[in-house]
1. Sketch the reach of a paramagnetic label on residue 231 as a point 7 Å from Cα along Cα-to-Cβ, and name the residues of segment 185-199 whose backbone nitrogen lies under 11 Å away.
2. What relative contact order, as a whole-number percentage, does the chain give when Cα pairs under 8 Å and 6 or more residues apart are counted?
3. Packing-wise, with mean Cβ within 10 Å as the measure, how do 78-84, 287-293 rank, highest first?
4. Which order results if 198, 24, 144 are arranged by neighbouring Cβ count within 10 Å, fewest first?
5. Extending each Cα 7 Å along its Cβ direction at residue 107 and residue 242, get the distance between those two points in nm, one decimal.
6. Please give the length that would be gained between residue 52 and residue 151 if that part of the chain were fully extended, namely 0.36 nm times their separation in residues minus their C-alpha to C-alpha distance (nm, one decimal).
7. I'd like to compare 56-64, 246-254, 14-22: which one has the highest average count of other Cβ atoms within 10 Å, and what's the full order after that?
8. Which value at 222 nm does the chain reach when only helices count, each DSSP H run of 4 or more adding -39,500 (n - 2.57), with the total divided by all residues and rounded to the nearest 500 deg cm²/dmol?
């Protein structure tokens, strides 16, 4: 079973022909709301991929809470460890340009109430051999406690070091499997502007130090990983992206579900890459996450 310990948000999405420069105002072309939060996105992706998934996190008692949980409820995600906080439900304010690129401001609100006690209780409810998925939209102390507790209990931890925070590099080294995009990996490696060869060298060095599986997503170029001393690569699909919001979360959820289902690492990596590609073909985060049948038909 997979437990996701992380954030639950309502996404507020505005579209525009191009992203504004600092200090500039541009006209919008549309507005929508959608359930989101990196934790909830990954939980829904893993559920739609076919896994049994529990979501541990927090929402408020406001009008956004029901919408933030709706798609997970519909998919069958276990929400028994999602608490109701005194703070409002978290929100993500997303601006999407005509080329599919985006900028996002996340307001933690209820997500900020998730604490170390929640982390301990979440892991205590798991069994040895289960998978724990983590991100960085809840407090770092809670994430750290969950990672320590998982290691003690024999739970496999998958850490997506996003969004980038001051604690990302330190916490990323504590997980069994770490997932990062190119920019996030450079923080982990301590170097900016890595070439492809330099990235492989840095991955080799870090893997030698930590022994963890390191996965770097490369957008349209696919994904590269190092595991048990060997490199693995996978390609997604050639697409024209509509919206890249949630693509990384879709990748993470499908990766966890595929490994949980017993797929070998190369097959899991390819399935996750294809799922991430398909998530770019629809607007929004959770509404764009593909179903398992859609993904498996394209592998």
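A short reminder: the numbers here are calculations on the coordinates, not readings from a lab. This is a predicted model, so every value here is computed, not measured. All Cβ positions, even for glycine, are placed from backbone atoms using ideal geometry, and neighbour counts span all protein chains on display.
1. Counting only backbone N, you get 196-199.
2. 19 percent.
3. 287-293, 78-84
4. Final ranking by Cβ density, sparse to dense: 24, 198, 144.
5. Those two pseudo-labels are separated by 2.8 nm.
6. Difference between extended and current length: 33.5 nm.
7. Ranked from most to least packed, the peptides come out as 246-254, 56-64, 14-22.
8. -10500 deg cm²/dmol
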